[in-house]
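K.L.:
The following block contains the structure, expressed as structure tokens.
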Amino acid sequence: MSTQKPKPDPAAVVELDSSDDENPAATPNTTQKVPPQHSPAVGQQTLACRSFWKAGDYVVPKQQFLAQDQLEHARVHPKFLHSNATSHKWAFGAIAELLDNGVDEIQNGATFVSVDKVELKKDNSPALLFRDDGAGMNPEGLRKCMSLGYSTKKSNTTIGQYGNGFKTSTMRLGADAIVFSRATRGSKATQSIGLLSYTFLRRTGQDDVIVPMIDFDISGNWVEPIIYSSLDDWSSNLKTILKWSPFGSKEDLLQQFEDIGAHGTKIIIYNLWLNDEGIYELSFDDDDEDIRLRDETNHGSLTKSKKKTAGLLNHVSYRLRYSLRAYASILYLRKFTNFQVIIRGKPVQQYNIQDDLIHAKVITYRPQLATMSKEVLVETTIGFAKEAPDLPVSGFNVYHKNRLIRPFWKVTADGSSKGNGVIGILEANFIEPAHDKQDFERSSLFIRLETRLKQMVMEYWKGHCHFVGYQPLIPSELKLHREQRPAKSSGGPTRIDVDMSDAQHSPEEVVISDGNTDGMSVEEICEENIQLFLRYEEHVKKEDQLKQTINNLEKELEFAKRKKDQLAAYLEMQRKQKAADHGSADTKA
């Protein structure tokens, strides 16, 4: 005996499909039916587990049979939203995805993208607010955004490419997200609202990912609903949005468009995830102008006792781990001209790591691409951190299409002093980033790049490490300036200018002595060091000459041995010949 799924009360929503079609139908699907929703106010309708890494641990309900009026199709279970979001192991990576969407709108005239904390009136809980003044999304564009795997941004001018960033990033930061977007296409101006709610799907026992959406035509003097199937369906979508969003009335929803302007997009992520201790993963209280990762901040404060460690904690290579403002400051390689990233009302000052490098040089690299590919030339800027050797900071900052993928990637072996303080910057557009844009796909191109970067560090270290006092100078690799210009100093290591053929900036300096210099003038110290360098060079030359002499003597000895062996063989042959001749004569006699 077969059973059928009972028909639910009507509550029309838009099904979240998985589309790869570049030309989907213009009329959105609003025929999917879901059971009626009975839930408390937004402050009481949260999930049983508010920790992101545990929110996916629940039993999937047994698959029910389809109603007679439903077509068989591949389902995307709500649990997939959570599983998909685990690609972001780092909350800042999810925030960066949403900032990328705003940056991609620069080509459409956007001048800013902002992220801020807002308090929801319904329950006084914190939420994340993202906003940009780009072209916005019309009804069709919003449905593409909400679909899985759909992207129209596969180009050389945009960061996004997988069509998955919005879903993974919003679900990584909170259980629910509501989107408001206003756009003008031709003569038609629209504003659309979409709700992607993990809470709604879980609490109502859905076995398919569905997203309620409503649209308005604002081309005229008043706001008119855009009806695709029936007014009942549109009203059901509105009812679902009001029940599961932070806004209790249609007027409250429409009010959210007031700060968008003529075009743009606004995203509110609420029911933010908690950490294992039951407090919000993101901290908004430590700095009114920043958003911080609470766990990383606490971890960092435990190590401030040591002076060197305190210096490291203030460096951007460490601060980016817990400070969104620090991370955003190096997130994009090239500085914007008419665009700003704004965090909690204050623009981010973009920081170019290259500006703080000393003894910097540019190294070119031609990756071995496929034979049919266009030749690519990659320029890598490499140098010492200005704090070297006092601060143990090193690694390559690798960008892809202007976006930071791997910050301070240390390619040298742990525990080795070689490479300490060496920092590099390059843009590797010839390799593909992973889905979370925090690493690269480990392809053969990536492995060859890693090998080349290791070589760069070793070559640079060999020729420049003496500049920061790691090992003695090798005069054969330098041309010492005869007319020294000693730097004034009050104690500590003495420094002199050195003429380097690969210098990229101001005259470079090198530590030449850290011994006892009491009673000696700067000129005397410089002259003594010059003499020491010259004597060292003489010894190196003598050593080379001795090695050459030894090589020559060894060759002569080897030649003499061969000559001796040849003579011995000849004599032995002559002896045997004479013995044979005597034997023959005796026989005849």
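The values are calculated or read from the model by the stated rules, or taken from the named source; none is laboratory data. As the structure is a computational prediction, the values presented were derived from the model and not from experiment. Here the Cβ is made from the backbone with ideal geometry for all residues, glycine too, and neighbour counts use every protein chain on show. For accessibility, only protein heavy atoms count, side chains too; no ligands or nucleic acids. Shrake-Rupley method; radii C 1.70, N 1.55, O 1.52, S 1.80 Å.
K.L.:
Given A135, A127, which one is of a type outside the set (F, W, Y), open to solvent by less than 40 Å² (accessible area, probe 1.4 Å), modelled with pLDDT of 90 or more and in a loop (DSSP other than H, G, I, E, B)?
P.N.:
Residue meeting the stated conditions: A135.
K.L.:
For segment 434-473, which positions are at negative phi and assigned to a loop (DSSP other than H, G, I, E, B)?
P.N.:
Listed by number, the residues that qualify are A434, H435, D436, Q438, D439, E441, R442, S443, Y470, Q471, P472, L473.
K.L.:
Can you tell me which residues in segment 330-340 are closer than 26 Å to E296 by Cα and either charged (D, E, K, R) or open to solvent by less than 10 Å² (accessible area, probe 1.4 Å) (or both)?
P.N.:
Result: I330, L331, Y332.
K.L.:
On to the next question. Open to solvent by less than 40 Å² (accessible area, probe 1.4 Å), hydrophobic (A, V, I, L, M, F, W, C), farther than 30 Å from D290 by Cα and over 22 Å from the mean Cα position of the chain (by Cα), is that true of A360?
P.N.:
Spelling it out, A360 is indeed open to solvent by less than 40 Å² (accessible area, probe 1.4 Å), hydrophobic (A, V, I, L, M, F, W, C), farther than 30 Å from D290 by Cα and over 22 Å from the mean Cα position of the chain (by Cα).
K.L.:
Are any of the residues in segment 250-272 farther than 14 Å from F180 by Cα, open to solvent by 20 Å² or more (accessible area, probe 1.4 Å) and outside any helix (DSSP H, G or I)?
P.N.:
no
K.L.:
Quickly run through segment 403-427 and pick out the residues that are of a type in the set (A, V, I, L, M), over 15 Å from the mean Cα position of the chain (by Cα) and more than 13 Å from V457 (Cβ to Cβ).
P.N.:
none
K.L.:
E119: without any contact (Cβ under 8 Å) to a residue 12 or more places away in the chain and surrounded by fewer than 19 Cβ atoms within 10 Å (Cβ to Cβ), yes or no?
P.N.:
Spelling it out, E119 is indeed without any contact (Cβ under 8 Å) to a residue 12 or more places away in the chain and surrounded by fewer than 19 Cβ atoms within 10 Å (Cβ to Cβ).
K.L.:
Tell me which residues, restricted to segment 287-325, are modelled with pLDDT of 90 or more, open to solvent by 90 Å² or more (accessible area, probe 1.4 Å) and touching a helix residue (DSSP H, G or I) at 6+ places or on another chain (Cβ under 9 Å).
P.N.:
Once the filter is applied, which keeps residues that are modelled with pLDDT of 90 or more, open to solvent by 90 Å² or more (accessible area, probe 1.4 Å) and touching a helix residue (DSSP H, G or I) at 6+ places or on another chain (Cβ under 9 Å), segment 287-325 yields nothing.
K.L.:
Looking only at segment 369-419, count every residue that is part of a loop (DSSP other than H, G, I, E, B) and at positive phi and tell me the total.
P.N.:
The number of residues fulfilling the criteria is 4.
K.L.:
Would you mind listing the strands (runs of 3 or more DSSP E) fully within segment 161-246 where at least 3 residues are under 31 Å from the mean Cα position of the chain (by Cα) and not acidic (D, E)?
P.N.:
Those strands (runs of 3 or more DSSP E) span 174-185, 188-197.
K.L.:
Among the listed residues W244, W234, which satisfies the condition of being among the aromatic types (F, W, Y) and touching a Leu at 6+ places or on another chain (Cβ under 7 Å)?
P.N.:
So the residue among W244, W234 that is among the aromatic types (F, W, Y) and touching a Leu at 6+ places or on another chain (Cβ under 7 Å) is W244.
K.L.:
Mind telling me which of the residues S87, S83 ends up being surrounded by fewer than 18 Cβ atoms within 10 Å (Cβ to Cβ) and either in a helix (DSSP H, G or I) or touching a residue at least 24 places away in the same chain (Cβ under 8 Å) (or both)?
P.N.:
S83
To keep it simple, each residue is scored yes or no on (1) closer than 30 Å to I291 by Cα; (2) not hydrophobic (A, V, I, L, M, F, W, C).
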site	(1), (2)
F200	yes, no
G205	no, yes
F216	no, no
S235	no, yes
I241	yes, no
E251	no, yes
L254	yes, no
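K.L.:
Ok, one more. Mind checking which residues of segment 191-237 are modelled with pLDDT of 90 or more, among the hydroxyl-bearing types (S, T, Y) and either in contact with a His (Cβ under 8 Å, 6 or more places away or on another chain) or surrounded by 24 or more Cβ atoms within 10 Å (Cβ to Cβ) (or both)?
P.N.:
The answer is S192, S197.
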